[in-house]
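What follows is a short report on a single structure.
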Amino acid sequence: MSSNRKISKEEYQKLADKHEKKRPIVKNCMIAFFVGGTISLIGQVISFIYIYFFDFSEQTVGDPTVATLIFITMLLTGFGVYDKIAQFSGAGTAVPVTGFGNAVISAAIEHRTEGFVQGVGGNMFKLAGSVILFGVFSAFVIALTKTILIQMGVI
Amino acid sequence: MLLGRQTWLFNQKPKIISTGTVGGPIESEGKLADDFDLLHKDLFMKQPSFEQAEQQLIEDACKIAIQKQKMRFEDVNFFLSGDLVNQMTPTNFAARNNKIPFLGISNACATSTGALALASYFVDTNGADFVLTGTGSHHGAVEKQFRYPTDYGAQKPPTSQWTVTGAGVGLVSKIGTGPEITSATIGKVVDLNQSDPLNMGAAMAPAAVDTISTHLAERAVDVNYYDLIVTGDLGEIGNSIALEMLQDQGIQINENKFKDCGLMLYKSNQEVFAGGSGAGCSAVVTYGHLWKKMNNKQLNKILIVATGALLSPLSASQNQSIPTIAHAVSIENGGV
């Protein structure tokens with residue numbers, strides 16, 4: 001009959017590590033690089049179109065470009081395609097502005113059943129909220145640093 | 001009858017006389033699609049939310065199991081069931097509609113065998129004539145609760161598992177024909193300090209090993225007594241860890257006789273990572289595929305060990321390790 005030998009947590013960690021399938025990091029990075037690059041390329045094309053056909057300059061074209069990319073993301077998320085692309089691309093679709101859009105839109109869709117105010121409104125930024133918080137906070141810290149340095153005459 | 005500390009031997013031969021299994025769209029493309037009674041093409045199943053869709057799954061599975069025996073809900077004494085959604089809402093609401101006296105059981109994905117063991121105990125001790133037992137899970141509802149919104153693009157690692165959309169229910173009774181439930185071992189909670197919620201197989205494997213070795217020791221049978229030992233949702237990684245741990249303990253189990261519901265359910269070309277998981281995973285395979293194989297006498301003695309990870313979204317975000325559990329139930333054909 002079996003001996004019910006106790007295995008220690010450390011021994012088990014070694015066993016679990018041996019069987020664990022690792023993420024293919026190099027492959028994931030390569031894919032992320034090319035997909036992220038492609039999204040940026042599309043953004044650049046959209047920018048050129050806006051500058052060429054409409055009354056935008058290189059300084060003002062940023063906002064409509066981002067809005068267009070987010071609109072495309074919204075359609076892809078709503079039709080349930082974005083998460084499939086993201087499984088393939090990883091950081092490639094998460095880092096550009098499309099990833100931020102997807103985080104907001106998917107949460108809004110998910111909580112639609114709980115109503116517009118408490119559901120959509122309350123949960124829309126549950127993933128993207130920390131991006132906004134830490135984004136604004138880092139901008140504040142950098143602006144403060146810059147102001148102090150200017151006042152001290154360093155720059 | 002109690003054997004050892006935690007194993008019940010059922011002398012009165014409670015049987016699974018009828019079953020009902022319902023699956024979702026991914027399951028209908030899977031390897032065991034033919035073994036389902038009802039398959040839905042749409043994840044919402046004509047319901048307004050994923051949670052209500054899960055309730056629909058459980059209700060449908062109950063109805064099918066009862067109708068196969070030409071019975072009514074009023075003929076059933078007890079309904080033992082549970083699921084993964086907060087406060088077991090889908091099951092509670094399904095029990096509101098079927099009006100069978102109800103006990104909610106929550107052991108995460110080990111609910112299926114835990115509830116089956118209790119149902120058999122009720123019937124074996126003449127505490128009930130008919131007990132309906134089973135569980136379900138819904139991919140969307142579980143993803144929403146434990147992970148991210150379903151449409152959120154997070155890349156999953158190869159160790160993660162795919163939550164099954166489906167419900168499986170069995171009707172346990174002494175009256176009627178069907179495979180007999182001969183024994184059950186209630187598992188204890190095991191925690192070997194694994195904390196990655198995207199690698200649940202590795203967290204749950206020790207619980208499965210503990211329950212299997214305890215079951216074999218307390219029932220005093222050799223591992224080869226069983227035609228097949230099936231774990232609930234260990235997936236690829238958990239399955240290989242459990243196999244190695246069992247062999248380390250001197251339990252010489254053949255690789256081909258040690259399967260996992262999460263690995264049986266889907267085809268290799270379906271993108272389910274390390275395999276299926278969820279409370280419905282072991283329930284649909286047990287009450288669908290395995291129940292049919294038992295009835296056809298293709299299998300005669302099986303041990304089902306559903307495994308559950310008892311984490312919550314809160315415990316995971318507070319970086320606690322994952323406690324796990326496994327319950328074993330042996331199902332055998334009489335006269336073999």
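What follows draws every value from the coordinates through simple rules; no lab data is involved. Since this is a predicted model, take the numbers as computed values, not measurements. Cβ atoms come from the backbone with ideal geometry, glycine included; neighbour counts cover every protein chain shown.
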Subject >> So B:Lys267, is it more than 14 Å from chain A (Cβ to nearest Cβ) and over 24 Å from B:Gly140 (Cβ atoms) >> reply: no
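When segment B:34-69 is examined, which residues are found to be among the acidic types (Asp, Glu) and more than 14 Å from B:Val164 (Cβ to Cβ)? Talk me through it step by step, then tell me what you get.
Filtering segment B:34-69 down to residues among the acidic types (Asp, Glu) leaves B:34-35, B:37, B:42, B:51, B:54, B:59-60.
Across segment B:34-69, the qualifying residues are B:Asp34, B:Asp37, B:Asp42, B:Glu51, B:Glu59, B:Asp60.
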Original post:
Of the residues in segment B:128-153, how many are among the polar types (S, T, N, Q) and in a loop (DSSP other than H, G, I, E, B)?
Top reply: 1
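Take segment B:37-58 and flag every residue that is closer than 12 Å to B:Val169 by Cβ and either touching a Leu at 6+ places or on another chain (Cβ under 7 Å) or surrounded by fewer than 23 Cβ atoms within 10 Å (Cβ to Cβ) (or both). If you could, list the steps in order and put the result at the bottom.
If we filter segment B:37-58 for residues that are closer than 12 Å to B:Val169 by Cβ, which is where we start, we get B:37-38, B:57-58.
Within segment B:37-58, B:Asp37, B:Leu38 qualify.
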**OP:** Inspect all residues belonging to segment B:184-197 and state whether any of them is surrounded by 24 or more Cβ atoms within 10 Å (Cβ to Cβ) and assigned to a strand (DSSP E or B).
**Re:** yes
Original post:
Failed condition for A:Lys9, given (1) closer than 21 Å to B:Gln155 by Cβ; (2) facing chain B (nearest Cβ under 8 Å); (3) surrounded by fewer than 16 Cβ atoms within 10 Å (Cβ to Cβ), with all others met?
Top reply: (1)
Original post:
Can you tell me which residue in segment A:121-151 is farthest from B:Phe44 (Cα to Cα), limited to those that are part of a helix (DSSP H, G or I) and in contact (Cβ under 8 Å) with a residue 12 or more places away in the chain?
Top reply: A:Val131
Original post:
When B:Glu29 is evaluated against the numbered criteria (1) under 20 Å from B:Asp260 (Cα atoms); (2) touching a helix residue (DSSP H, G or I) at 6+ places or on another chain (Cβ under 8 Å), which criterion, by number, is the only one it fails?
Top reply: (2)
**OP:** Could you grab the pairs with beta carbons closer than 8 Å, sequence gap of 6+ or different chains, first residue in segment A:100-120 and closer than 18 Å to B:Glu51 by Cα, second one of a type in the set (A, V, I, L, M) and assigned to a loop (DSSP other than H, G, I, E, B)?
**Re:** A:Ser106/A:Leu127; A:Ala107/A:Met124; A:Ala107/A:Leu127; A:Ala107/A:Ala128; A:Ala108/A:Met124; A:His111/A:Met124
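So which of B:Val272, B:Val230 ends up being among the aliphatic types (A, V, I, L, M), away from chain A (no Cβ under 11 Å) and under 23 Å from B:Pro157 (Cα atoms)? Show your work before the answer.
Details: B:Val230 fails: under 23 Å from B:Pro157 (Cα atoms).
Every option except B:Val272 fails the conditions.
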**OP:** Determine whether B:Asn239 is in contact (Cβ under 8 Å) with a residue 12 or more places away in the chain, polar (S, T, N, Q) and in contact with a Lys or Arg (Cβ under 6 Å, 6 or more places away or on another chain).
**Re:** no
**OP:** Would you mind stating whether B:Ile253 is under 29 Å from B:Ala33 (Cβ atoms), surrounded by fewer than 23 Cβ atoms within 10 Å (Cβ to Cβ) and either in contact with a Phe, Trp or Tyr (Cβ under 9 Å, 6 or more places away or on another chain) or not acidic (Asp, Glu) (or both)?
**Re:** yes
**OP:** Filter segment A:20-70 down to the residues that are within 14 Å of another protein chain (Cβ to nearest Cβ) and assigned to a loop (DSSP other than H, G, I, E, B), then identify the one that is surrounded by the fewest Cβ atoms within 10 Å (Cβ to Cβ).
**Re:** A:Lys22
Original post:
If you check B:Thr150, B:Thr185, B:Thr159, B:Thr177, which single one turns out to be within 18 Å of B:Ile331 (Cβ to Cβ) and within 14 Å of another protein chain (Cβ to nearest Cβ)?
Top reply: B:Thr185
Subject >> Which listed residue, of B:Leu310, B:Leu299, is touching a Lys or Arg at 6+ places or on another chain (Cβ under 7 Å) and of a type outside the set (Gly, Ala, Ser) >> reply: B:Leu299
Original post:
From B:Val221, B:Val169, which residue is among the β-branched types (Val, Ile, Thr) and either buried (at least 24 other Cβ atoms within 10 Å of the Cβ) or not in a loop (DSSP other than H, G, I, E, B) (or both)?
Top reply: B:Val169
Original post:
If you check A:Thr113 against the conditions, is it surrounded by fewer than 22 Cβ atoms within 10 Å (Cβ to Cβ), within 9 Å of chain B (Cβ to nearest Cβ), hydroxyl-bearing (Ser, Thr, Tyr) and in a helix (DSSP H, G or I)?
Top reply: yes
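Return the residues of segment B:276-310 that are in a loop (DSSP other than H, G, I, E, B) and either buried (at least 24 other Cβ atoms within 10 Å of the Cβ) or in contact with a Pro (Cβ under 6 Å, 6 or more places away or on another chain) (or both); say none if nothing qualifies.
Just the residues of segment B:276-310 that are in a loop (DSSP other than H, G, I, E, B), to begin with: B:278, B:296-300, B:310.
The answer is B:Gly278, B:Leu310.
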